[in-house]
Structures are given as structure tokens and as C-alpha cells.
Amino acid sequence: MTRCGFDDLEFVNANTGDGICVVQFYAEQDGVLIYADADGGNTLMIGVDQGTVRAIYGVGTGFLWNGLQAGSAAKARTEQFSDGAMPYSVAVLTDSFDSGRVHSVLLRESGRTFRTDAASLAGEVTINFYGVNAFRHFHGLPVLTCSAPTAAVAGRYSRYMAESNFFDHRAPDGTSVADRLNAAGIPWRACAENLYMGTYTMGLVILDGWINSEGGHRAPILEQRYKNLGIGAYAGNGRCYWTQVFHD
């Protein structure tokens, strides 16, 4: 039985009005539990560590928390609360290109340091992927397929940047994301790449940065031509390196 410190918290299915209480979950191991619609438009993600729910992520229009869901008018904010079991913070993530409307709600244990081991980062990659699809669905776009070969390309490049101590879309040998897809034998006609390097480890927070970026990171997330997405993250040099690779 997985314990949950968020005793009083409840997400609501906006379509049926039924409460989704996150007090207890059955989980054989730590990781990220995913509850998603078949079309990927609404996703509730539960982060479990050491047998306790540490974080809850709601994305899409199908889940409500305190009246907030994707598309709600609200200012971005972070608030601290306590439900008697543990202190937690609520981060309301908004879209600056869409009049500041909500795109995700993140609840997590306050003051908790998120690990950067491979298993933990794999969970954050999963959260990032589902967040992309919920965001696309909200904007009327088809969801993307998680491509294992493309994810391998992304993961290798994240590790290469960390181990070679550089951060650029072009590798030191001059190769690009197109070259990396070609080398892996992955067919494509259109492709793009998003990169992140920094101290953030949480997949939804990193996605929020790309969504609100004026540097072009938002464009591939909302590009209709793309059908496949691979994501890889790697920790090194005291930083996290993330790579998203999109292609048709």
C-alpha cells in the first residue's frame, strides 16, 4: 500500500464530477503512476518515492483542482500549504502566449530534493512526454507517439553534452539532430530539437520553460507535422541535460 501525505487533496474528473482521491495507491515499486485518457488529452500523474506519494501532476481539461484546469484564467503562482501530514507546495503553471491561462497544476512535497539518478530522471521524462501530449491536445493537435529509437538518440545526446561539457544543437564535430537521426537509421522528412541545461530536474517545470520560451522551443511542441517524440535526460557536471527530438 502506497501512503500519501496529501491527505486532504482531491482532483475531480471534470467530465463526470467524480472525485479522484490521492490518499492511497497500490504500487509495487517507486516511480510515476499514470492515469491518462485514451487520447492523451487528460493525464493525472502520481510520483511515488520510498512508498509515499511525493508529487501530483494534473494536466489537461479533464481534471480540476480547486477550480483550476487547463485553460483556466489564473496567474502563475506558487503557494505553500500543510494538510497536517506534510507541508506541500502548489505551483500553477501558465501559458504566457495564451493570456496567462493555466496549462498544468503541480503539487509536491515542500523542500524535497528530487534525485537525478537514472530511474528518477526516467520518471521525469515520462511526465514531460505526457505533458507535451496534453498541451497539444488542448490546442487541437494530434498527440505524439513515444518513439523508443528516437528517445535513444535524445538520451545519447544528453549524455554526450554532459560528458563533453558543452551545450549546443550542433555537436563539436558539426553534426545536427538531422545527422543523429540519420545515423540511427530513423526515417524522417521534418525534425526539430529542444534542449535544456540547468539545475531543474522536474519534467513538467522544464516543459513549462519550453512552452513559455520566446526562443523557438514552443514551436516544435505545437507543430502539426510531427508524429513522433523521443526524450532523454542525463545528469552530469552538477547539471541536468535534456533533449527532446521531434520528427514526422
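The values are calculated or read from the model by the stated rules, or taken from the named source; none is laboratory data. Since the structure is predicted, the reported quantities are computational estimates derived from the model, not experimental observations. Neighbour counts run over all protein chains shown; Cβ positions are idealised from the backbone, glycine included. The accessibility values were calculated without ligands, DNA or RNA, using every heavy atom of the protein model including side chains. Shrake-Rupley method; radii C 1.70, N 1.55, O 1.52, S 1.80 Å.
Given R₀ = 22 Å, FRET efficiency for D117-R156 by Cβ-Cβ distance, to 0.05?
It comes to 0.75.
Points 7 angstrom from Cα along the Cβ direction at A190 and F167: gap in nanometres?
Reported label-point gap for A190 and F167 is 2.9 nm.
What does the charge add up to near Q224, with Lys and Arg as +1, Asp and Glu as -1, over the other residues with Cβ less than 13 Å from its Cβ?
Surrounding charge for Q224 is +1.
May I ask you to compute the full-extension gain from T175 to L141, defined as 0.36 nm times their residue separation minus their alpha-carbon distance, rounded to one decimal in nm?
Roughly 9.2 nm would be gained on extension.
Considering only DSSP states other than H, G, I, E and B, which GluC sites (Glu not before Pro) in region 119-215 qualify as loop sites with at most 14 other Cβ atoms within 10 Å?
E214
At 1.4 Å probe size, with the rest of the protein present, what percent of the exposed accessible area of region 140-182 is carbon and sulfur atoms?
Taking all protein chains in place, region 140-182 shows 53 percent carbon and sulfur surface.
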